[in-house]
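The values are calculated or read from the model by the stated rules, or taken from the named source; none is laboratory data. This one's a predicted model, so the numbers in the text were calculated from it and none came from an experiment. Because the Cβ atoms are built from the backbone with ideal geometry, glycine has one as well, and the counts that use them run over all protein chains shown. Each accessible area value is taken on the protein alone, full model and side chains, heavy atoms only, with ligands, DNA and RNA left out. Shrake-Rupley method; radii C 1.70, N 1.55, O 1.52, S 1.80 Å.
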Amino acid sequence: MPRLDARLKTVARQIRGACHVDVGSDHGHLLKAVIKAGRVEWGIAIENKRQPFLNSQATLAGLAAEVRFGDGLEPLAAGEADSLSICGMGGESIAKILSAFPRRVPDAVVLQPNKRPECVREWGLYSGFHLLDEPRTAGRRAFQILVFRRSASSPDPAYHDVDREAALLFGPHNLRRRDPQFMRALREERRYLEQLDRLDSRAADRLAAIYRVLVDAIEADTAP
Ligand SMILES: C[S@@+](CC[C@H](N)C(=O)[O-])C[C@H]1O[C@@H](n2cnc3c(N)ncnc32)[C@H](O)[C@@H]1O
């Protein structure tokens, strides 16, 4: 998929639907790529700022897509789209957009928070969405892509039998898989937090959760 970086390529691979809405489309390249790849039949880009709105219009001109100006899901009707993405924003902003119009959120949701992914996981857990997967991009800055689907059954089985607080911070699937890149990132963060003079309560909670995850991993590795 041309013109997409590794982050948006990973997002694009998770998108498939008859009508897909991308909130905060900015340059419009994600929608263009999934439409051209045949993963989506019709795309709706939503932007709340003038220049990105115009950029999306230019990128998507002539494609099976439209660009709407507005705040979050305000310009979308309930049932209009069957899948949604929001990428490149903080987790708090993403959760706020989704919580503002819960009935307008489509059943399939792909989210890429730049920070505070725990806000997005909490949104899913308390809004009837199951976290199906959380692929990470390779490279120095590993972005997490969170793939959700609405489910009538609760609770989300992804959180069964894992440390809930650590799972919200670092991801239940990541905790189960313990892949080397993920474990290395946790150890690096532990070293970084340990050398700080003072930790605020959020950082202290993170460090405590990292210790628990690392101890669990050692115990699992040394179990008979
Ligand atoms: C950092 S850019 C990310 C662009 C693109 N999604 C990506 O991941 O490369 C965030 C974009 O979201 C738009 N945005 C932020 N809050 C929004 C909201 N509440 N509704 C619609 N668009 C929003 C901004 O104008 C900006 O273009």
Cα gyration tensor shape of the range 3-132, rounded if a/c is under 1.5, else prolate or oblate by comparing a/b with b/c: rounded
Estimated 222 nm signal from helices in the chain, with DSSP H stretches of n ≥ 4 weighted -39500 (n - 2.57), rounded to 500: -13000 deg cm²/dmol
Among beta bridges that DSSP assigns inside the chain, antiparallel share in %, nearest 5: 30 percent
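At 20 angstrom or more along the helix axis (alpha-carbon based) and mean Kyte-Doolittle of 0.0 or higher, what helices does the chain contain? Whole DSSP H runs only.
In the chain, the long hydrophobic H runs are 201-222.
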Electrostatic dipole magnitude of the chain [Cβ: Lys, Arg +1; Asp, Glu -1; Cα centre; debye, to 20]: 620 debye
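Per residue and in cubic angstrom, what volume does the convex hull of the Cα atoms of the chain have? Walk me through the numbers on the way to the answer.
Working: hull volume 30.8 nm³, N = 224.
Residue-normalised Cα hull volume stands at 137 Å³.
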The range 1-39 residues near the modelled ALA64 label - backbone nitrogen below 14 Å, point 7 Å along Cα→Cβ: 16-21, 32-39
Trypsin sites (Lys or Arg not before Pro) lying in DSSP loop within the range 24-74, provided at most 11 other Cβ fall within 10 Å: LYS49
Distance between modelled label sites at ALA220 and LYS49, nm, 7 Å Cα→Cβ extension: 4.0 nm
Protein accessible area in the chain, 1.4 Å probe - carbon and sulfur %: 49 percent
